Each structure stands twice: as structure tokens, then as C-alpha cells.
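Enquirer: Shown below is the structure under consideration.
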Amino acid sequence: MDKKITVAVFGASGNVGNHFVNQALEAGLTIKAFVRNPKKYSLSENPNVEIIEGNVTNFADVERAVTNADVVISCLGNVKVNGNYITIMHTAHDNILKAASKQTTVPRCIFISTIGCGGTSWLVKQMLTLIVGKTTFADYEKADKRIREENTVPFLLVRPYALTDKEGNGKYYVTKNQNGTFFKPISRADVAKFILNAVTDQQWDGSPGVLLGGAKP
């Protein structure tokens with residue numbers, strides 16, 4: 001990558017986000033890492049990482065991270081707190097898109113959703129609803145729809161299938177075909193690899209989004 005690209009990463013301390021940040025730093029990118037607690041973030045002292053402390057449901061915090069970023073990446077997900085899921089996806093992604101749209105130079109935004117949203121797999125939707133609950137999955141659906149309908153900010157919507165913690169091999173299968181019931185599981189490291197490649201590769205941008213799975217034999 002010839003140009004020094006600045007990437008704002010929401011969910012930088014999460015499983016996929018952590019893989020992405022490490023891979024991006026190796027590729028020579030500059031990172032604006034949005035985290036809730038900088039003291040717990042392992043890369044706080046890296047000179048190529050700017051820490052943005054904040055809450056994704058607070059627009060002013062999100063705007064600080066998005067400002068002057070060339071690309072914005074969301075690796076966010078609803079997480080359990082004291083046994084209950086906190087639904088942040090729609091609010092967070094709405095904030096990101098609104099903040100991006102206000103910039104003089106509008107950054108591309110890359111979002112991770114999940115197969116099952118947007119009618120991509122009825123079976124996966126039922127399974128995830130049973131696992132995380134109706135309210136939580138409905139928040140994913142609402143966020144997914146908000147992204148798909150965006151018409152000002154250039155975006156890439158990524159729906160990975162069956163994430164694993166296996167070691168990545170840098171390979172994946174990506175398609176705009178919206179039938180995503182029978183894909184191969186994919187490692188979080190390989191999801192991060194796809195996103196890193198997508199920082200400069202815009203071929204998959206726009207609605208209806210892409211489905212991402214493990215590489216076919």
C-alpha cells in the first residue's frame with residue numbers, strides 16, 4: 001500500500017478487531033482505535049495507533065473517531081453484560097454513518113453483520129435467534145437494513161458465516177449471492193484478512209452486501 005491510510009476501527013479490542021488491527025499495522029496502516037477502556041488495550045503505546053476513548057452509542061464520541069479517517073471499520077457486536085445482551089448495533093452504525101456523511105471527504109465504511117440478516121438464510125436466522133434472543137437479533141437486522149439503505153456514504157457490508165478461533169490461512173470465499181445457508185466456517189483471522197484487503201479493494205461495495213465463508217476446496 002503506497003499511501004499512508006488512516007483507518008478508524010470500532011471494536012478494535014474485540015476478536016475480529018484485534019486481528020484486523022495487528023494485520024493492518026503490519027501492512028503499514030495508521031489506526032484510530034475506538035475503545036471503551038484504553039488502560040486495558042494492549043496497543044495503547046504503539047506509535048501508529050491513536051486511541052479514541054468513548055461509547056459507540058454517543059454520537060460525539062463516534063464523530064471524534066471518524067473525523068480525518070480514510071476508512072472506517074466496524075467490528076462491533078452485541079455483547080453480554082451481567083448475563084444480558086446489550087443492543088448497540090443499530091445505534092452505533094447509525095452514528096457511524098451519520099458522522100461519516102458530515103465529513104468534508106466522506107470515508108468508506110466497512111461493517112461486519114452476520115449471515116441470517118437481510119434474508120440471507122432463514123435457517124441461520126432461526127438458530128441465532130435461539131442463541132442470542134429475538135431482541136438482540138432484531139437489533140442486528142435493524143442495523144443491517146440501515147446500512148443497506150445508506151445512499152450518501154460508500155460502504156461495504158460483510159456477513160461472515162460461522163466464525164471460529166482457528167488459525168487463519170489468508171483464504172476465504174466471498175460472494176454477492178445472498179443464499180448463505182451452507183457455507184464453510186471461517187476463522188476470525190481470515191475475516192480480518194478480507195477486511196484488510198477490502199480497505200483498498202472496492203469491488204464488493206454497496207447493497208445488498210457480501211457473504212463471507214471459508215475457502216472452498
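The values are calculated or read from the model by the stated rules, or taken from the named source; none is laboratory data. Fair warning: this is a prediction, and the values are worked out from it, not measured in the lab. Positions of Cβ are generated from backbone atoms using ideal geometry, with glycine treated the same way; all protein chains shown enter the neighbour counts.
Enquirer: Where residues in region 118-135 are surrounded by 13 or more Cβ atoms within 10 Å (Cβ to Cβ), more than 23 Å from SER207 (Cα to Cα) and of a type in the set (Val, Ile, Thr), which of them is modelled with the lowest pLDDT?
Expert: VAL132
Enquirer: Yes or no: GLY168 in a loop (DSSP other than H, G, I, E, B) and out of contact with any Asp or Glu (no Cβ under 6 Å at 6 or more places or on another chain)?
Expert: Numbers: in a loop (DSSP other than H, G, I, E, B): yes; out of contact with any Asp or Glu (no Cβ under 6 Å at 6 or more places or on another chain): no.
No; evaluated as a whole, the condition is false for this residue.
Enquirer: Consider THR175 carefully, then state whether it is surrounded by 13 or more Cβ atoms within 10 Å (Cβ to Cβ), of a type in the set (Ser, Thr, Tyr) and touching a Pro at 6+ places or on another chain (Cβ under 7 Å). Talk me through it step by step, then tell me what you get.
Expert: Numbers: surrounded by 13 or more Cβ atoms within 10 Å (Cβ to Cβ): yes; of a type in the set (Ser, Thr, Tyr): yes; touching a Pro at 6+ places or on another chain (Cβ under 7 Å): no.
Judged against the criteria, THR175 is not a match.
Enquirer: A further question follows. How do the pairs read when you match residues in region 195-212 that are of a type in the set (Asp, Glu) with residues anywhere that are assigned to a loop (DSSP other than H, G, I, E, B), using Cβ under 7 Å and keeping only pairs 6 or more apart or on different chains?
Expert: Note: pairs meeting the criteria are ASP205/PRO154.
Enquirer: Turning to a different aspect of this structure: VAL106 passes all but one of (1) of a type outside the set (D, E, K, R); (2) at pLDDT 95 or above; (3) crowded, with 20+ Cβ neighbours inside 10 Å; which number fails?
Expert: Failing condition for VAL106: (3).
Enquirer: Those residues that are surrounded by 15 or more Cβ atoms within 10 Å (Cβ to Cβ) and either of a type outside the set (S, T, N, Q) or more than 21 Å from ALA99 (Cα to Cα) (or both), I need them from region 23-43; list them, please. Break it down stepwise before answering.
Expert: The initial filter retains those residues of region 23-43 that are surrounded by 15 or more Cβ atoms within 10 Å (Cβ to Cβ), namely 23-25, 29-35, 41, 43.
Hits for region 23-43 are GLN23, ALA24, LEU25, LEU29, ILE31, LYS32, ALA33, PHE34, VAL35, TYR41, LEU43.
Enquirer: Check GLU167, GLU141 and return the single one that is exposed (fewer than 13 other Cβ atoms within 10 Å of the Cβ), in contact with a strand residue (DSSP E or B) (Cβ under 9 Å, 6 or more places away or on another chain) and at pLDDT 90 or above. Even if it seems obvious, please write down each step before you answer.
Expert: Working: GLU141 fails: exposed (fewer than 13 other Cβ atoms within 10 Å of the Cβ).
So the residue among GLU167, GLU141 that is exposed (fewer than 13 other Cβ atoms within 10 Å of the Cβ), in contact with a strand residue (DSSP E or B) (Cβ under 9 Å, 6 or more places away or on another chain) and at pLDDT 90 or above is GLU167.
Enquirer: Only one of (1) assigned to a loop (DSSP other than H, G, I, E, B); (2) surrounded by 20 or more Cβ atoms within 10 Å (Cβ to Cβ) fails for ASN151. Which number is that?
Expert: Single failed check for ASN151: (2).
Enquirer: Then there's this: Go through the residues of region 122-132 one by one and say whether even a single one is outside any loop (DSSP other than H, G, I, E, B), of a type in the set (Ser, Thr, Tyr) and without any contact (Cβ under 8 Å) to a residue 24 or more places away in the chain. Outline the logic, then answer.
Expert: First, pick out the residues of region 122-132 that are outside any loop (DSSP other than H, G, I, E, B): 122-132.
Filter once more, keeping what is of a type in the set (Ser, Thr, Tyr): 129.
Subset that is without any contact (Cβ under 8 Å) to a residue 24 or more places away in the chain: 129.
Looking for residues that are outside any loop (DSSP other than H, G, I, E, B), of a type in the set (Ser, Thr, Tyr) and without any contact (Cβ under 8 Å) to a residue 24 or more places away in the chain, one finds at least one in region 122-132, hence yes.
Enquirer: Oh, and also: Exactly one of (1) touching a Lys or Arg at 6+ places or on another chain (Cβ under 8 Å); (2) assigned to a loop (DSSP other than H, G, I, E, B) is unmet by LEU211. Its number?
Expert: (2)
Enquirer: Continuing with this model, one more query. Only strands (runs of 3 or more DSSP E) wholly contained in region 8-112 count here; list those with 3 or more residues that are free of Cβ contacts under 8 Å to residues at least 60 places away in the same chain. It would help to see each step written out before you state the result.
Expert: On the way: elements: 30-35, 49-53, 71-74, 79-81, 84-86, 108-112.
Once the strands (runs of 3 or more DSSP E) in region 8-112 are filtered for at least 3 residues that are free of Cβ contacts under 8 Å to residues at least 60 places away in the same chain, what remains is 30-35, 49-53, 79-81, 84-86.
Enquirer: Yes or no: region 190-198 includes at least one residue that is modelled with pLDDT under 95 and out of contact with any helix residue (DSSP H, G or I) (no Cβ under 7 Å at 6 or more places or on another chain). Give the derivation first.
Expert: Residues of region 190-198 modelled with pLDDT under 95: none.
For region 190-198, residues modelled with pLDDT under 95 and out of contact with any helix residue (DSSP H, G or I) (no Cβ under 7 Å at 6 or more places or on another chain): absent.
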